[in-house]
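Pasting in a structure now, in structure tokens, and then I'll have a few things to ask.
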Amino acid sequence: MNSRIINQYSTIHALMSGVFDGMFTISEISQGGSFGIGYLHALAGEMIALDDTFFEIQGVGNVRRFCDHEQLPFAQLTYFNPNEQFPVSNINKKSLYSELSTQVNIDNIFAAIKIEGNFKNIWFRRMNYQEKPFIEAVTEQSEETLHDICGVMVGFWTPDIFHGVSVAGFHIHFIDETRTNGGHVLDFELHNGLLSYELKQDINIHLPDNSEYLNADLKINNLDDVIKKSEG
């Protein structure tokens, strides 16, 4: 087991191009790590993997554990063994980069991050099920803001040079301490908590080999706008 590797299944570019069909089983991707994030088949919600458990956060808000045979169109997984962890307080998504940069330079390297704590506010979204033919840009999603809640954020930092392969910057999912609510983080305000990180020097890209992906038109002129609209 090499914890310095991120195993990524498909690319964010393909996902934003409408390749939403589940192609990778939970059983398959769990071989690539026990910590990470992803999306449900047909963008019916979000996935978060934490403590060897894969949680499905549905667009309608229900949370349950995945079954091994269920399939995802996109995921990022790793084994998480933090290089460092340190207390943080009064930070938000915008200040997260500068806070982490006081500890390590992440500009040119991937990193897995985990923030566990008490959140003053957290604003997140959940994708809703997309009917075929899948559209190029994501338009159906539910947003929610929670206040004064404890939970954990799991995600990755991707350098700008890999934008399109992954989401450049922070891509983070949240689940509350009761494991009953969560989603893709758009912004947050943290009262106090613990930030852990691990630098990742390798990324393995596992591309689909089905006809949907092989025949997909992955040329998106406004890719940056599409990703920004979807990922926040």
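Condition first: acidic (Asp, Glu), surrounded by 17 or more Cβ atoms within 10 Å (Cβ to Cβ) and in contact (Cβ under 8 Å) with a residue 40 or more places away in the chain. Can you find one or more residues in segment 195-214 that meet it? Spell out the reasoning first.
Step one: list which residues in segment 195-214 are acidic (Asp, Glu), which gives 198, 202, 209, 212.
Next cut, surrounded by 17 or more Cβ atoms within 10 Å (Cβ to Cβ) only: 198.
Checking the rest, the ones that are also in contact (Cβ under 8 Å) with a residue 40 or more places away in the chain come to 198.
Yes, segment 195-214 contains a residue that is acidic (Asp, Glu), surrounded by 17 or more Cβ atoms within 10 Å (Cβ to Cβ) and in contact (Cβ under 8 Å) with a residue 40 or more places away in the chain.
Given Lys120, Lys114, which one is surrounded by fewer than 21 Cβ atoms within 10 Å (Cβ to Cβ), under 21 Å from Gln103 (Cα atoms) and either among the basic types (Lys, Arg) or without any contact (Cβ under 8 Å) to a residue 12 or more places away in the chain (or both)?
Details: Lys120 fails: under 21 Å from Gln103 (Cα atoms).
Step by step, each of Lys120, Lys114 is checked, and only Lys114 is surrounded by fewer than 21 Cβ atoms within 10 Å (Cβ to Cβ), under 21 Å from Gln103 (Cα atoms) and either among the basic types (Lys, Arg) or without any contact (Cβ under 8 Å) to a residue 12 or more places away in the chain (or both).
I'd like to know if segment 63-79 contains one or more residues that are touching a strand residue (DSSP E or B) at 6+ places or on another chain (Cβ under 9 Å) and over 30 Å from Tyr129 (Cβ atoms).
Checked segment 63-79: at least one residue is touching a strand residue (DSSP E or B) at 6+ places or on another chain (Cβ under 9 Å) and over 30 Å from Tyr129 (Cβ atoms).
State all residues of segment 31-40 that are of a type outside the set (Val, Ile, Thr) and surrounded by 18 or more Cβ atoms within 10 Å (Cβ to Cβ); if no residue qualifies, say none.
Hits for segment 31-40 are Gly32, Gly33, Phe35, Gly36, Gly38, Tyr39, Leu40.
Continuing with the same structure: Which residues, counting only those in segment 49-78, are buried (at least 19 other Cβ atoms within 10 Å of the Cβ), at pLDDT 95 or above and over 14 Å from the mean Cα position of the chain (by Cα)?
Val63, Phe66
Out of the residues in segment 79-119 that are out of contact with any Phe, Trp or Tyr (no Cβ under 7 Å at 6 or more places or on another chain) and charged (D, E, K, R), which is farthest from Asp187 (Cα to Cα)?
Asp107
Only residues that are in contact with an Asp or Glu (Cβ under 6 Å, 6 or more places away or on another chain) and at pLDDT below 95: list them for segment 149-182, please.
Val167, Ala168
Ok, one more. Just name the residue that is modelled with the highest pLDDT out of those in segment 192-217 that are part of a loop (DSSP other than H, G, I, E, B) and over 23 Å from Gly36 (Cβ atoms).
Taking the candidates together, the pick is Asn215.
Considering only segment 148-169, how many residues are in contact with a strand residue (DSSP E or B) (Cβ under 8 Å, 6 or more places away or on another chain) and in a loop (DSSP other than H, G, I, E, B)?
Residues flagged as in contact with a strand residue (DSSP E or B) (Cβ under 8 Å, 6 or more places away or on another chain) and in a loop (DSSP other than H, G, I, E, B) within segment 148-169 amount to 4.
Name every residue in segment 83-98 that is under 13 Å from Leu194 (Cα atoms), more than 18 Å from the chain's Cα centre (by Cα) and either surrounded by 14 or more Cβ atoms within 10 Å (Cβ to Cβ) or not hydrophobic (A, V, I, L, M, F, W, C) (or both), in order of residue number.
As a first pass, look at segment 83-98 and keep what is under 13 Å from Leu194 (Cα atoms): 84-91, 96.
Add one more test, that the residue is more than 18 Å from the chain's Cα centre (by Cα), and what stays is 84-91.
Within segment 83-98, Glu84, Gln85, Pro87, Val88, Ser89, Asn90, Ile91 qualify.
Let me ask something else. Somewhere in segment 83-102, is a residue at pLDDT 95 or above, within 28 Å of Val19 (Cα to Cα) and either in contact with a Lys or Arg (Cβ under 9 Å, 6 or more places away or on another chain) or among the aromatic types (Phe, Trp, Tyr) (or both)?
no
If Glu46 passes every condition in (1) surrounded by fewer than 22 Cβ atoms within 10 Å (Cβ to Cβ); (2) among the charged types (D, E, K, R); (3) not in a helix (DSSP H, G or I) but one, which one does it miss?
In the conditions (1) surrounded by fewer than 22 Cβ atoms within 10 Å (Cβ to Cβ); (2) among the charged types (D, E, K, R); (3) not in a helix (DSSP H, G or I), Glu46 misses (1) alone.
The values are calculated or read from the model by the stated rules, or taken from the named source; none is laboratory data. Predicted model only: the values in this text are computed from it and were never measured. Glycine also receives a Cβ, built like all others from the backbone with ideal geometry; neighbour counts cover every protein chain displayed.
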